[in-house]
1. Working out 0.36 nm times the residue gap between Ile2 and Met121, then minus their Cα-Cα distance, what length gain in nm do you get to one decimal?
2. Which number do you get for Rg(Cα) / (2.2 N^0.38 Å) in segment 62-123?
3. Taking amide H atoms as placed 1.01 Å from N in the peptide plane, list the residues 5 or more away in sequence, or in a different chain, whose amide H sits under 5 Å from that of Asp11.
4. If you line up the long axis of helix 12-22 against the longest principal axis of the chain, both from Cα atoms, how many degrees apart are they, to the nearest 10?
5. Given R₀ = 25 Å, what would the calculated FRET efficiency be for Cys92 paired with His14, taking r from the Cβ atoms and rounding to 0.05?
6. Would you kindly state how much longer the chain becomes between Arg36 and Asp21 on full extension, computed as 0.36 nm times their sequence separation minus their alpha carbon distance, in nm to one decimal?
7. For a quick protection proxy, order the peptides 13-26, 67-80, 103-116 by their average other-Cβ count within 10 Å, most packed first.
8. Pull out the extension gain between Glu46 and Gln58, defined as 0.36 nm times the separation in residues minus the alpha carbon to alpha carbon distance; nm, one decimal.
Amino acid sequence: MIGYTTIGVSDMAHAKTFYTDLFEKQGAKVVIDSGRIAFIGTKRGEPMLAVCEPYDKQAPTAGNGMMVAFPVSTKEEIDALYHRAISLGATCDGEPGQRIPDRFYGAYVRDHDGNKLCFFMFG
């Protein structure tokens, strides 16, 4: 149902490296790169994350209440992605843990530009 999600970034090279390195085990790569915007994912036709310099040339801002959530299969994978993101320069916005008993396990980080990311699984 979702084709791609776009987040504004201040440094395209840094953003492309951060997200492809973060999701390298999932097979992420830059699928489409047109300079000001790059689509990161596994292949065309699958959901992707787009990173872009804002069209209006203003500084990118992370939306208040906006978050991109990435589904993961296991708690161990969530923990690994969280620690990988931190090692790549992300900041903690909620350590890995059970948020809703027996229903939701997640971890939260903010990237270089303050965009909030969640790695989660239901269960």
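Nothing in this text is a laboratory measurement; each read-out follows from the coordinates by a stated rule. Just so we're clear, the structure is a prediction, and the values are computed from it rather than from any experiment. Here Cβ is always computed from backbone atoms with ideal geometry, including for glycine, and neighbour counts include all displayed protein chains.
1. Values: separation 119, 0.36 × 119 = 42.84 nm, distance 1.77 nm.
That pair, Ile2 and Met121, stretches by 41.1 nm at full extension.
2. Details: Rg = 11.0 Å, N = 62, 2.2 N^0.38 = 10.6 Å.
In units of the 2.2 N^0.38 Å rule of thumb, it is 1.04.
3. Residues meeting the criterion, in which the H sits 1.01 Å from N, do not exist here.
4. For 12-22 against the chain, the angle is about 30 degrees.
5. Values: r = 19 Å, r/R0 = 0.75.
Taking R0 as 25 Å, the efficiency between Cys92 and His14 is 0.85.
6. Values: separation 15, 0.36 × 15 = 5.40 nm, distance 1.96 nm.
Gain on extension, Arg36 to Asp21, equals 3.4 nm.
7. 103-116, 13-26, 67-80
8. Working it through step by step, the gained length comes to 1.4 nm.
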